[in-house]
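Below: one structure, written as structure tokens.
The values are calculated or read from the model by the stated rules, or taken from the named source; none is laboratory data. It should be emphasised that the depicted structure is a prediction, and the values quoted were computed from it without experimental measurement. Cβ placement follows ideal geometry from the backbone for every residue including glycine, while neighbour counts extend to all protein chains displayed.
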Amino acid sequence: QVQLVESGGGLVQPGGSLTLSCAASKTIFSNSVMNWYRQAPGKQREFVAGITITNSPNYADSVKGRFTISRDNAKNTVYLQMNSLKPEDTAVYYCNAATIFYNYWGQGTQVTVSS
């Protein structure tokens with residue numbers, strides 16, 4: 001069974017920072033583009049950031065300059081460093097591992113930005 005285990009969500013004030021982590025099995029991690037998506041209440045799930053096997057990142061316009069995605073191949077873990085958080089960043093954040101053959105999701109971690 002494929003497992004993507006997310007951690008690091010929580011409550012943070014506007015302007016604050018959080019780092020999300022997502023650990024995967026070695027086989028999945030080493031062959032997948034790793035992505036972060038988010039879903040706010042009443043909205044569709046949306047792409048946040050992704051990183052290829054060769055460490056090429058890609059970001060949604062709404063988070064460019066504030067979020068940084070990275071991957072640690074030794075730990076089979078992808079990170080999402082989130083800075084300058086805004087209330088509109090509040091959502092459940094999901095880790096995703098994708099290739100042309102599969103598309104796996106984590107269980108999600110809640111991020112709430114509020115004063």
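Things worth noting here:
- Residues being within 15 Å of the chain's Cα centre (by Cα) and not polar (S, T, N, Q) - total across region 62-103: 20
- Note on region 85-104: residues that are at pLDDT 95 or above, within 16 Å of Gln39 (Cβ to Cβ) and part of a strand (DSSP E or B) amount to 6.
- Matching residues in region 8-32 - criterion: being under 12 Å from the mean Cα position of the chain (by Cα) and either touching a residue at least 60 places away in the same chain (Cβ under 8 Å) or within 15 Å of Gln110 (Cβ to Cβ) (or both): Gly8, Gly9, Leu18, Thr19, Leu20, Ser21, Cys22
- Lone unmet requirement of (1) touching a residue at least 12 places away in the same chain (Cβ under 8 Å); (2) over 16 Å from the mean Cα position of the chain (by Cα) for Asn35: (2)
- The criterion of at least 2 residues that are of a type in the set (A, V, I, L, M) and in contact with a strand residue (DSSP E or B) (Cβ under 6 Å, 6 or more places away or on another chain) is met by the following strands (runs of 3 or more DSSP E) wholly inside region 17-84: 18-24, 33-39, 46-51, 77-82.
Here's the yes/no breakdown for (1) surrounded by fewer than 21 Cβ atoms within 10 Å (Cβ to Cβ); (2) charged (D, E, K, R); (3) at negative phi:
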{"residue": "Ala24", "(1), (2), (3)": "no, no, yes"}
{"residue": "Lys64", "(1), (2), (3)": "yes, yes, yes"}
{"residue": "Gln81", "(1), (2), (3)": "yes, no, yes"}
{"residue": "Ser84", "(1), (2), (3)": "yes, no, no"}
{"residue": "Pro87", "(1), (2), (3)": "yes, no, yes"}
{"residue": "Ser114", "(1), (2), (3)": "yes, no, yes"}
